[in-house]
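This report refers to the structure that appears directly beneath it.
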Amino acid sequence: MKNLIKLVSIAFIIVILGNFGMSQNVPKAYNRCAGTNAVYEDVKDKKTGRVESVLVESDGHGNAQGNQYDLAVDGAFEGQTVTVLDLYNFDFTNTETALKEKGFSVYRFMNAPPSAEELKEALDKSCQFWLISSSTRMLTEEHVKVIKEFFDAGHGVYIWGDNDPYYADVNYLAEALFGGEMLGNYHGANVVGLKDKTNKSGLAKSHLITTGLQFVYEGITIASIQDNQSLKPLIYNSEGNIVAATYENNGKRAILDGGFTRLYVAWDEAGTGRYVKNAAAWLVNVEKFGE
């Protein structure tokens with residue numbers, strides 16, 4: 001009996017130390033709740049003195065309220081630049097404002113790609129690249145080569161498309177980087193919760209990008225990410241199709257997303273601001289490059 005008690009005690013200590021070690025490995029740029037959807041805080045009862053774990057206050061959509069429940073600390077990426085090639089040219093104000101909360105500046109090309117040389121100059125000063133597609137292909141082989149070199153060096157890439165035919169450059173670039181593809185035209189306009197075995201739609205649980213999120217707006221019109229062994233589903237739309245997926249392999253990170261309407265339609269419908277901030281923070285890849 002004494003030996004059993006001793007073994008249990010040792011096991012308990014190992015668990016505690018293991019958890020402590022994991023908490024020490026969380027990058028300084030990240031909040032303590034990194035990777036947690038429903039966020040709890042320890043609260044001490046003033047009368048009894050007992051400490052209980054309590055779900056933090058939520059916003060009107062059911063997500064944890066407050067920037068301290070985003071993936072990254074406000075201002076963590078001061079001096080880092082997100083280069084955006086916006087070939088659709090919609091209102092980017094909300095997205096840019098959200099990114100600035102985490103310290104990012106935005107360098108945005110609009111309507112048409114710059115030369116491959118100019119794009120390379122911008123990427124040399126950037127921590128990540130975002131493509132927002134139009135309905136016709138505009139990227140050249142030279143552009144793709146520049147972006148692939150940037151990606152292969154470990155820098156994040158976010159590839160945004162939308163309903164058919166607004167993924168022309170998406171599929172051209174995604175195929176070159178990791179064999180990705182999106183297709184289709186689906187009407188969304190719904191808020192989805194967390195994905196589990198009981199529902200066909202929702203957010204992937206416990207991913208760093210879904211930190212502080214239990215609900216997210218899917219977008220208005222959206223395309224579906226096609227099955228690909230190199231991609232992991234991040235958001236299933238209300239019809240059960242994959243609308244966003246992540247790539248993480250060999251120190252490289254990317255997101256493929258079929259719902260760029262989330263960036264300018266019904267921004268406050270649920271979680272878009274936090275999602276954008278979390279995605280950008282994840283694409284910095286601090287785990288590879290350091291703080």
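Please treat every number below as a calculation from the coordinates, not as lab data. These numbers were taken from a predicted model, which means no experiment stands behind them. For neighbour counting, all protein chains shown are included, and Cβ atoms are generated from backbone atoms with ideal geometry for every residue, glycine included.
What does the charge add up to near Val276, with Lys and Arg as +1, Asp and Glu as -1, over the other residues with Cβ less than 12 Å from its Cβ? Counting the neighbours of Val276, the net charge comes to +1.
In order along the stretch 142-156, the Karplus-derived 3J(HN,Hα) couplings, from 6.51 cos²θ - 1.76 cosθ + 1.60 at θ = phi - 60°, round to 5, 4, 4, 4, 4, 5, 5, 4, 4, 5, 5, 7, x, 7, x Hz, and Gly and Pro are given as x.
Let me check I've understood the local charge: for Val191, count other residues with C-beta under 13 angstrom from its C-beta, Lys and Arg +1, Asp and Glu -1. What total comes out? Each step should come with its number before you reach the end.
Numbers: positive: Arg262; negative: Asp59, Glu218, Asp268, Glu269.
So the environment of Val191 carries a net charge of -3.
Per residue of the chain, the DSSP helices (runs of n ≥ 4 H) give a summed -39500 (n - 2.57) that works out to -8500 deg cm²/dmol at 222 nm. Taking a virtual spin label 7 Å from the Cα of Gln65 along the C-beta vector, which residues in the stretch 200-241 bring their backbone nitrogen under 20 Å of it? Answer for this model: 211-217.
Taking the centroid of alpha carbons for each part, the stretch 207-221 and the stretch 127-206 are 16 Å apart.
Other residues within the sphere of radius under 13 Å centred on the Cβ of Asn63, judged by their own Cβ, net out at -3 (K and R +1, D and E -1). With N counted as the residues of the chain, its alpha-carbon radius of gyration over 2.2 N^0.38 Å works out to 1.08. How large is log10 of I(q)/I(0) for the stretch 149-283 at q = 0.11 Å⁻¹ when the intensity is taken from the Debye formula with one equal scatterer per alpha-carbon? For the stretch 149-283 at q = 0.11 Å⁻¹, log10 I(q)/I(0) is -0.33.
Taking amide H as placed 1.01 Å from N in the peptide plane, Glu269 has no amide H partner under 5 Å among residues 5 or more places away or on another chain. Under 19 Å from the 7 Å Cα→Cβ point of Phe90, by amide nitrogen: which residues of the stretch 154-193? Residues 158-171, 182-192 qualify, since their backbone N sits under 19 Å from the label point. Here the spin labels are modelled as points 7 Å beyond Cα on the Cα-Cβ line, and at Asn250 and Asp196 they lie 3.8 nm apart. Peptides 233-243, 45-55 ordered by packing proxy, namely the average of other Cβ atoms within 10 Å per residue, highest first: 233-243, 45-55. Extension gain for the segment Thr48 to Glu291, taken as residue separation times 0.36 nm less the Cα-Cα distance, is 83.4 nm to one decimal.
Helix 168-178 sits at what angle to the longest principal axis of the chain, using alpha carbons and giving 0 to 90 degrees rounded to 10? Result, in degrees: 50.
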